[in-house]
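Student: Sharing a structure below in C-alpha coordinates format, with a few things to ask.
The values are calculated or read from the model by the stated rules, or taken from the named source; none is laboratory data. For clarity, every value in this text was computed on a predicted model and none was experimentally measured. Here the Cβ positions follow ideal geometry from the backbone for every residue, glycine too, while neighbour counts run over all protein chains shown. Note: accessible area is taken over every heavy atom of the protein model, side chains too, but ligands, DNA and RNA are not part of it. Shrake-Rupley method; radii C 1.70, N 1.55, O 1.52, S 1.80 Å.
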Amino acid sequence: MKVLVTGGTGYIGSHTCVSLLNSGSDVVIADNLSNSRLEVLNRIEKITGKKPVFYKTDLRDKTELYKIFEKENIDSVIHFAALKTIPDSIAHPLEYYENNVAGTMNICHAMKEYNVKKIVLSSSAAVYGLTDNNPIKETAPLFPYNPYGRTKMIQEYIVSDFAKSEKAGAVILRYFNPIGAHESGLIGEDPMGTPSNLMPYISQVASGRLEKLFVFGNDYNTPDGTGVRDYIHVCDLAEGHIKALEKLDIIKDKVLTVNLGSGHGYSVLEIIKSFEKASGIKINYEIAPRREGDVGTCFADITLAQKEIGWKAKRNIEKMCLDEWTWQKLNPKGYEY
Ligand code: NAD
Ligand code: WQD
(Lines give C-alpha, C1' and ligand atoms only; values in the text may rest on other atoms or scores of the structure.)
(Ligands and ions follow the chains in the order given, each with its own letter.)
Protein backbone atom coordinates (compact mmCIF):
# COMPACT_ATOMS: atom_id res chain seq x y z
CA MET A 1 0.00 0.00 0.00
CA LYS A 2 1.34 3.43 -0.93
CA VAL A 3 0.31 6.30 1.33
CA LEU A 4 0.71 9.98 0.50
CA VAL A 5 1.49 11.78 3.76
CA THR A 6 1.08 15.54 3.43
CA GLY A 7 3.02 17.38 6.14
CA GLY A 8 5.01 14.17 6.67
CA THR A 9 8.19 15.90 7.83
CA GLY A 10 6.26 17.70 10.60
CA TYR A 11 5.88 16.62 14.21
CA ILE A 12 2.95 14.21 14.03
CA GLY A 13 3.55 13.37 10.37
CA SER A 14 7.11 12.14 10.97
CA HIS A 15 6.02 9.82 13.78
CA THR A 16 3.21 8.50 11.61
CA CYS A 17 5.66 7.86 8.75
CA VAL A 18 7.69 5.71 11.14
CA SER A 19 4.59 3.68 12.08
CA LEU A 20 3.58 3.34 8.42
CA LEU A 21 7.05 2.19 7.31
CA ASN A 22 7.26 -0.22 10.23
CA SER A 23 3.89 -1.67 9.25
CA GLY A 24 5.11 -2.30 5.69
CA SER A 25 3.50 0.58 3.79
CA ASP A 26 5.31 2.62 1.16
CA VAL A 27 5.39 6.29 2.09
CA VAL A 28 5.41 9.36 -0.15
CA ILE A 29 5.73 12.70 1.65
CA ALA A 30 4.60 16.07 0.28
CA ASP A 31 5.73 18.98 2.46
CA ASN A 32 6.80 22.55 1.73
CA LEU A 33 9.13 22.55 4.76
CA SER A 34 7.48 25.75 6.06
CA ASN A 35 7.57 24.27 9.57
CA SER A 36 9.91 21.27 9.30
CA ARG A 37 13.35 20.25 8.14
CA LEU A 38 14.80 17.82 5.62
CA GLU A 39 16.97 16.23 8.32
CA VAL A 40 13.78 14.50 9.51
CA LEU A 41 14.08 12.14 6.54
CA ASN A 42 17.50 10.90 7.68
CA ARG A 43 16.14 10.38 11.16
CA ILE A 44 13.16 8.40 9.86
CA GLU A 45 15.61 6.24 7.91
CA LYS A 46 17.76 5.70 11.00
CA ILE A 47 14.73 4.44 12.93
CA THR A 48 13.09 2.32 10.24
CA GLY A 49 15.91 1.47 7.83
CA LYS A 50 13.77 2.96 5.04
CA LYS A 51 13.66 6.44 3.55
CA PRO A 52 10.32 7.80 2.39
CA VAL A 53 10.00 9.31 -1.08
CA PHE A 54 9.98 13.08 -0.57
CA TYR A 55 8.54 15.94 -2.62
CA LYS A 56 9.14 19.52 -1.54
CA THR A 57 5.72 20.69 -2.62
CA ASP A 58 3.31 23.34 -1.46
CA LEU A 59 -0.22 21.96 -1.45
CA ARG A 60 -1.50 25.29 -2.71
CA ASP A 61 0.30 24.52 -5.97
CA LYS A 62 -2.21 22.25 -7.70
CA THR A 63 0.02 21.57 -10.72
CA GLU A 64 2.88 20.31 -8.58
CA LEU A 65 0.50 18.26 -6.44
CA TYR A 66 -1.03 16.61 -9.50
CA LYS A 67 2.47 15.64 -10.67
CA ILE A 68 2.89 13.56 -7.51
CA PHE A 69 -0.38 11.73 -8.10
CA GLU A 70 0.59 11.25 -11.75
CA LYS A 71 3.96 9.72 -10.88
CA GLU A 72 3.20 7.74 -7.74
CA ASN A 73 0.46 5.19 -7.57
CA ILE A 74 -1.21 6.56 -4.43
CA ASP A 75 -3.71 4.29 -2.60
CA SER A 76 -4.59 6.59 0.27
CA VAL A 77 -3.84 10.00 1.76
CA ILE A 78 -3.11 11.11 5.30
CA HIS A 79 -3.51 14.86 5.29
CA PHE A 80 -1.50 16.57 8.05
CA ALA A 81 -0.17 19.63 6.23
CA ALA A 82 -1.52 22.76 7.88
CA LEU A 83 -0.48 25.82 9.83
CA LYS A 84 -1.33 25.22 13.48
CA THR A 85 -0.41 28.05 15.85
CA ILE A 86 -3.42 29.73 17.41
CA PRO A 87 -1.96 33.20 18.18
CA ASP A 88 -0.42 33.27 14.71
CA SER A 89 -3.81 32.42 13.18
CA ILE A 90 -5.38 35.39 14.99
CA ALA A 91 -2.65 37.69 13.64
CA HIS A 92 -2.69 36.23 10.10
CA PRO A 93 -6.14 34.72 9.48
CA LEU A 94 -6.04 34.97 5.69
CA GLU A 95 -2.77 33.07 5.54
CA TYR A 96 -4.35 30.33 7.66
CA TYR A 97 -7.51 30.09 5.57
CA GLU A 98 -5.52 30.09 2.37
CA ASN A 99 -3.01 27.48 3.52
CA ASN A 100 -5.29 25.10 5.36
CA VAL A 101 -8.44 25.41 3.27
CA ALA A 102 -6.90 25.73 -0.21
CA GLY A 103 -4.46 22.89 0.58
CA THR A 104 -7.34 20.62 1.53
CA MET A 105 -9.36 21.59 -1.55
CA ASN A 106 -6.40 20.71 -3.78
CA ILE A 107 -5.87 17.36 -2.08
CA CYS A 108 -9.52 16.48 -2.65
CA HIS A 109 -9.36 17.68 -6.28
CA ALA A 110 -6.29 15.50 -6.88
CA MET A 111 -7.94 12.50 -5.22
CA LYS A 112 -10.96 12.97 -7.47
CA GLU A 113 -8.82 13.35 -10.59
CA TYR A 114 -6.72 10.25 -9.81
CA ASN A 115 -9.51 8.16 -8.32
CA VAL A 116 -8.04 7.84 -4.82
CA LYS A 117 -10.78 6.77 -2.42
CA LYS A 118 -9.27 6.84 1.07
CA ILE A 119 -8.33 9.81 3.25
CA VAL A 120 -7.46 10.35 6.89
CA LEU A 121 -7.68 13.98 8.00
CA SER A 122 -5.88 15.61 10.96
CA SER A 123 -8.43 17.60 12.86
CA SER A 124 -8.29 18.99 16.35
CA ALA A 125 -10.13 19.40 19.63
CA ALA A 126 -9.96 23.09 18.63
CA VAL A 127 -13.17 22.50 16.63
CA TYR A 128 -15.13 22.11 19.89
CA GLY A 129 -14.17 25.59 21.09
CA LEU A 130 -14.93 26.76 24.58
CA THR A 131 -17.02 23.86 25.79
CA ASP A 132 -16.35 22.49 29.26
CA ASN A 133 -18.82 19.66 28.88
CA ASN A 134 -16.25 16.95 29.63
CA PRO A 135 -15.51 14.31 28.53
CA ILE A 136 -16.12 15.75 25.07
CA LYS A 137 -17.99 13.48 22.66
CA GLU A 138 -17.71 13.67 18.88
CA THR A 139 -21.38 14.70 18.79
CA ALA A 140 -20.67 17.90 20.76
CA PRO A 141 -21.50 21.09 18.85
CA LEU A 142 -18.64 22.66 16.91
CA PHE A 143 -17.85 26.22 18.02
CA PRO A 144 -14.22 26.94 17.18
CA TYR A 145 -13.25 30.30 18.64
CA ASN A 146 -10.14 31.21 16.65
CA PRO A 147 -9.24 31.23 12.93
CA TYR A 148 -7.08 28.09 13.30
CA GLY A 149 -9.98 26.11 14.79
CA ARG A 150 -12.30 27.41 12.08
CA THR A 151 -9.91 26.24 9.34
CA LYS A 152 -9.97 22.79 10.95
CA MET A 153 -13.77 22.75 10.98
CA ILE A 154 -13.87 23.86 7.33
CA GLN A 155 -11.35 21.14 6.41
CA GLU A 156 -13.67 18.60 8.06
CA TYR A 157 -16.65 19.83 6.00
CA ILE A 158 -14.66 19.81 2.76
CA VAL A 159 -13.35 16.29 3.29
CA SER A 160 -16.66 14.81 4.39
CA ASP A 161 -18.67 16.47 1.59
CA PHE A 162 -16.05 15.37 -0.93
CA ALA A 163 -16.07 11.80 0.40
CA LYS A 164 -19.86 11.59 0.26
CA SER A 165 -20.08 12.89 -3.31
CA GLU A 166 -17.20 10.76 -4.63
CA LYS A 167 -18.09 7.59 -2.72
CA ALA A 168 -14.74 7.79 -0.96
CA GLY A 169 -14.02 6.85 2.65
CA ALA A 170 -12.78 9.38 5.19
CA VAL A 171 -11.68 9.11 8.79
CA ILE A 172 -11.48 12.46 10.54
CA LEU A 173 -9.28 12.33 13.64
CA ARG A 174 -9.67 15.04 16.27
CA TYR A 175 -6.46 15.09 18.30
CA PHE A 176 -6.36 16.49 21.82
CA ASN A 177 -2.89 17.48 23.13
CA PRO A 178 -0.11 15.47 21.44
CA ILE A 179 3.21 15.50 23.30
CA GLY A 180 6.33 13.31 23.65
CA ALA A 181 8.59 11.92 20.97
CA HIS A 182 9.85 8.67 19.50
CA GLU A 183 11.70 6.86 22.27
CA SER A 184 14.93 6.78 20.23
CA GLY A 185 15.13 10.57 20.68
CA LEU A 186 15.77 10.85 16.93
CA ILE A 187 12.53 12.62 16.02
CA GLY A 188 10.35 14.97 18.04
CA GLU A 189 8.66 18.36 18.05
CA ASP A 190 10.90 21.16 16.80
CA PRO A 191 8.92 24.39 17.04
CA MET A 192 10.31 27.34 15.14
CA GLY A 193 10.51 30.32 17.49
CA THR A 194 9.20 30.37 21.06
CA PRO A 195 6.74 27.51 21.59
CA SER A 196 3.16 28.40 22.42
CA ASN A 197 2.28 24.90 23.67
CA LEU A 198 3.01 23.76 27.21
CA MET A 199 5.24 20.70 26.72
CA PRO A 200 7.82 22.14 24.30
CA TYR A 201 7.95 25.22 26.53
CA ILE A 202 8.66 23.12 29.64
CA SER A 203 11.33 21.08 27.88
CA GLN A 204 13.08 24.22 26.65
CA VAL A 205 13.08 25.58 30.21
CA ALA A 206 14.61 22.29 31.34
CA SER A 207 17.35 22.48 28.70
CA GLY A 208 18.11 26.10 29.59
CA ARG A 209 16.93 27.51 26.24
CA LEU A 210 14.11 29.39 28.00
CA GLU A 211 14.37 30.92 31.45
CA LYS A 212 11.00 30.39 33.03
CA LEU A 213 7.58 28.86 32.37
CA PHE A 214 4.52 31.05 32.91
CA VAL A 215 1.61 29.00 34.22
CA PHE A 216 -1.48 30.61 32.74
CA GLY A 217 -3.90 30.86 35.67
CA ASN A 218 -4.30 28.97 38.97
CA ASP A 219 -7.89 29.96 39.65
CA TYR A 220 -9.73 27.52 37.36
CA ASN A 221 -12.31 25.17 38.77
CA THR A 222 -9.83 22.25 38.76
CA PRO A 223 -8.23 20.33 41.67
CA ASP A 224 -5.13 22.58 41.81
CA GLY A 225 -6.57 25.58 39.95
CA THR A 226 -4.40 25.15 36.81
CA GLY A 227 -5.69 24.12 33.37
CA VAL A 228 -6.44 20.43 32.79
CA ARG A 229 -5.84 18.86 29.36
CA ASP A 230 -5.87 15.48 27.67
CA TYR A 231 -2.23 14.78 26.74
CA ILE A 232 -1.51 11.97 24.35
CA HIS A 233 1.81 10.39 23.35
CA VAL A 234 2.60 11.20 19.72
CA CYS A 235 3.47 7.53 19.04
CA ASP A 236 0.04 6.43 20.26
CA LEU A 237 -1.43 9.07 17.98
CA ALA A 238 0.69 7.78 15.06
CA GLU A 239 -0.60 4.25 15.68
CA GLY A 240 -4.16 5.63 15.63
CA HIS A 241 -3.57 6.58 11.98
CA ILE A 242 -2.64 3.01 11.08
CA LYS A 243 -5.88 1.85 12.67
CA ALA A 244 -7.79 4.56 10.80
CA LEU A 245 -6.34 3.38 7.47
CA GLU A 246 -7.30 -0.20 8.29
CA LYS A 247 -10.81 0.99 9.10
CA LEU A 248 -11.05 2.69 5.69
CA ASP A 249 -10.85 -0.73 4.06
CA ILE A 250 -13.97 -1.69 6.01
CA ILE A 251 -16.11 1.46 5.92
CA LYS A 252 -15.37 2.01 2.20
CA ASP A 253 -17.46 5.08 1.26
CA LYS A 254 -18.44 6.25 4.77
CA VAL A 255 -17.18 9.16 6.86
CA LEU A 256 -16.16 8.49 10.44
CA THR A 257 -15.11 11.14 12.96
CA VAL A 258 -13.27 10.13 16.14
CA ASN A 259 -11.45 11.79 19.03
CA LEU A 260 -7.89 10.70 19.68
CA GLY A 261 -6.98 11.43 23.27
CA SER A 262 -6.08 9.44 26.36
CA GLY A 263 -9.41 10.19 28.00
CA HIS A 264 -7.60 11.52 31.12
CA GLY A 265 -6.98 15.08 32.18
CA TYR A 266 -3.74 16.35 33.77
CA SER A 267 -3.18 19.82 35.20
CA VAL A 268 -0.27 22.08 34.30
CA LEU A 269 1.24 21.52 37.76
CA GLU A 270 0.91 17.73 37.38
CA ILE A 271 2.70 17.92 34.04
CA ILE A 272 5.49 20.00 35.57
CA LYS A 273 5.87 17.43 38.38
CA SER A 274 5.93 14.50 35.97
CA PHE A 275 8.49 16.23 33.79
CA GLU A 276 10.68 17.03 36.78
CA LYS A 277 10.55 13.38 37.82
CA ALA A 278 11.43 12.15 34.32
CA SER A 279 14.27 14.61 33.77
CA GLY A 280 15.58 15.11 37.30
CA ILE A 281 15.51 18.85 36.55
CA LYS A 282 13.59 21.46 38.52
CA ILE A 283 11.35 23.59 36.31
CA ASN A 284 11.49 27.29 37.03
CA TYR A 285 7.91 28.59 36.83
CA GLU A 286 5.71 31.45 37.89
CA ILE A 287 1.94 31.75 38.09
CA ALA A 288 0.72 34.28 35.51
CA PRO A 289 -2.77 35.52 34.54
CA ARG A 290 -5.08 33.26 32.51
CA ARG A 291 -4.43 33.14 28.78
CA GLU A 292 -7.31 34.56 26.75
CA GLY A 293 -9.40 31.87 25.07
CA ASP A 294 -8.38 29.06 27.47
CA VAL A 295 -10.88 26.78 29.18
CA GLY A 296 -10.28 25.23 32.60
CA THR A 297 -10.70 21.60 31.56
CA CYS A 298 -10.73 19.74 28.27
CA PHE A 299 -10.53 15.97 27.81
CA ALA A 300 -11.85 13.47 25.32
CA ASP A 301 -14.52 10.83 25.41
CA ILE A 302 -12.57 8.00 23.80
CA THR A 303 -15.35 5.42 23.61
CA LEU A 304 -15.82 5.81 19.87
CA ALA A 305 -12.11 5.41 19.01
CA GLN A 306 -12.07 2.13 20.93
CA LYS A 307 -15.29 0.90 19.40
CA GLU A 308 -14.82 2.03 15.80
CA ILE A 309 -11.10 1.78 15.14
CA GLY A 310 -10.03 -0.53 17.97
CA TRP A 311 -7.52 2.01 19.26
CA LYS A 312 -6.60 3.08 22.77
CA ALA A 313 -3.59 5.06 23.98
CA LYS A 314 -1.02 2.82 25.71
CA ARG A 315 1.68 5.21 26.92
CA ASN A 316 1.21 7.00 30.25
CA ILE A 317 2.16 10.52 31.31
CA GLU A 318 5.54 9.38 32.72
CA LYS A 319 6.45 7.87 29.36
CA MET A 320 5.32 11.03 27.54
CA CYS A 321 7.59 13.20 29.72
CA LEU A 322 10.51 10.77 29.56
CA ASP A 323 10.46 10.58 25.76
CA GLU A 324 10.00 14.34 25.46
CA TRP A 325 13.05 14.85 27.63
CA THR A 326 15.18 12.30 25.74
CA TRP A 327 14.40 14.14 22.49
CA GLN A 328 15.15 17.56 24.01
CA LYS A 329 18.35 16.36 25.71
CA LEU A 330 19.74 14.79 22.52
CA ASN A 331 18.63 17.70 20.30
CA PRO A 332 18.86 20.87 22.40
CA LYS A 333 18.55 23.00 19.27
CA GLY A 334 16.01 20.76 17.56
CA TYR A 335 17.09 19.38 14.18
CA GLU A 336 19.81 22.07 13.88
CA TYR A 337 22.86 20.41 15.29
P1 NAD B 1 3.75 20.58 12.08
O2 NAD B 1 3.79 22.03 11.78
O3 NAD B 1 4.89 20.00 12.81
O4 NAD B 1 3.54 19.76 10.72
C5 NAD B 1 2.80 20.27 9.65
C6 NAD B 1 3.64 20.10 8.38
O7 NAD B 1 2.90 20.59 7.28
C8 NAD B 1 4.95 20.88 8.43
O9 NAD B 1 6.01 20.01 8.10
C10 NAD B 1 4.77 21.98 7.39
O11 NAD B 1 5.99 22.30 6.74
C12 NAD B 1 3.76 21.35 6.44
N13 NAD B 1 2.92 22.28 5.70
C14 NAD B 1 2.16 23.29 6.19
N15 NAD B 1 1.51 23.91 5.19
C16 NAD B 1 1.84 23.26 4.03
C17 NAD B 1 1.50 23.42 2.68
N18 NAD B 1 0.69 24.40 2.25
N19 NAD B 1 2.02 22.57 1.77
C20 NAD B 1 2.86 21.59 2.15
N21 NAD B 1 3.23 21.39 3.43
C22 NAD B 1 2.73 22.22 4.36
O23 NAD B 1 2.38 20.29 12.84
P24 NAD B 1 1.89 18.99 13.59
O25 NAD B 1 1.85 19.28 15.04
O26 NAD B 1 2.60 17.82 13.11
O27 NAD B 1 0.38 18.96 13.10
C28 NAD B 1 -0.04 18.14 12.04
C29 NAD B 1 -1.54 18.27 11.88
O30 NAD B 1 -2.18 17.94 13.09
C31 NAD B 1 -2.02 19.68 11.51
O32 NAD B 1 -3.07 19.54 10.57
C33 NAD B 1 -2.56 20.22 12.82
O34 NAD B 1 -3.58 21.15 12.59
C35 NAD B 1 -3.09 18.96 13.47
N36 NAD B 1 -3.13 19.02 14.94
C37 NAD B 1 -1.98 19.26 15.65
C38 NAD B 1 -2.03 19.31 17.04
C39 NAD B 1 -0.80 19.60 17.85
O40 NAD B 1 -0.94 20.00 19.01
N41 NAD B 1 0.41 19.41 17.34
C42 NAD B 1 -3.25 19.11 17.71
C43 NAD B 1 -4.40 18.86 16.95
C44 NAD B 1 -4.32 18.82 15.56
C1 WQD C 1 -2.04 23.40 27.63
C2 WQD C 1 -2.25 23.95 29.03
C3 WQD C 1 -2.47 26.34 29.08
C4 WQD C 1 1.60 27.19 27.72
C5 WQD C 1 -3.87 23.85 21.82
C6 WQD C 1 -4.95 23.86 20.78
C7 WQD C 1 -5.36 22.45 20.45
C8 WQD C 1 -4.15 21.63 20.02
C9 WQD C 1 -3.14 21.66 21.10
C10 WQD C 1 -3.79 22.08 17.64
C11 WQD C 1 -3.30 25.05 29.10
C12 WQD C 1 -1.22 25.91 29.81
C13 WQD C 1 0.43 26.56 28.12
C14 WQD C 1 2.34 27.95 28.68
C15 WQD C 1 0.72 27.33 30.35
N16 WQD C 1 -3.47 22.14 18.87
N17 WQD C 1 0.01 26.63 29.41
N18 WQD C 1 1.87 27.97 29.97
O19 WQD C 1 -4.31 25.34 24.48
O20 WQD C 1 -4.83 23.02 25.40
O21 WQD C 1 -4.42 23.31 23.00
O22 WQD C 1 -2.78 23.03 21.37
O23 WQD C 1 -4.79 21.69 17.12
O24 WQD C 1 -6.26 22.48 19.44
O25 WQD C 1 -6.05 24.57 21.28
O26 WQD C 1 -2.53 23.51 24.54
O27 WQD C 1 -0.20 23.30 25.20
O28 WQD C 1 -1.09 25.59 24.63
O29 WQD C 1 -1.82 24.48 26.73
O30 WQD C 1 0.35 27.40 31.51
O31 WQD C 1 3.39 28.55 28.39
O32 WQD C 1 -1.02 24.56 29.45
O33 WQD C 1 -3.07 27.42 29.73
O34 WQD C 1 -3.94 24.94 30.33
P35 WQD C 1 -4.10 23.88 24.43
P36 WQD C 1 -1.33 24.25 25.22
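Student: Straight-line reach from K2: which aspartates and glutamates fall under 18 Å, measuring Cα to Cα and dropping same-chain residues less than 8 apart?
Tutor: D26, D31, E45, E70, E72, D75, E113, E239, E246, D249
Student: Quick check: net charge around E336, other residues with Cβ under 11 Å of its Cβ, Lys/Arg +1 and Asp/Glu -1?
Tutor: Charge balance near E336 sits at 0.
Student: A further question follows. Using +1 on the beta carbon of Lys and Arg, -1 on that of Asp and Glu, and nothing else charged, what's the dipole of the range 103-227 about the Cα centre, debye to 20?
Tutor: The calculation lands at about 480 debye.
Student: To the nearest 10 degrees, how steeply does helix 317-330 sit against the main Cα axis of the chain, on a 0 to 90 scale?
Tutor: It is inclined by approximately 80 degrees.
Student: With respect to the cross-link table entries K51/K243; K56/K152; K84/K273; K118/K247, which display a Cα-Cα separation exceeding 18 Å?
Tutor: K51/K243; K56/K152; K84/K273
Student: What full-extension length gain, to one decimal in nm, is calculated for E166 and N197 as 0.36 nm per residue of separation minus the Cα-Cα distance?
Tutor: Additional length available on full extension: 7.4 nm.
Student: So, one more: Probe radius 1.4 Å, ligands and nucleic acids ignored: give me the carbon and sulfur share of the accessible area of the range 294-337 as a rounded percent.
Tutor: Of all accessible area on the range 294-337, carbon and sulfur atoms account for 54 percent.
Student: Leaving out ligands and nucleic acids, note down the accessible area per residue over the chain with a 1.4 angstrom probe, in whole Å².
Tutor: Heavy-atom SASA per residue in the chain reads 44 Å².
Student: Please find the FRET efficiency linking L130 to T303, where r is the Cβ-Cβ separation and R0 is fixed at 22 Å, and quote it to the nearest 0.05.
Tutor: According to the calculation, E is roughly 0.45.
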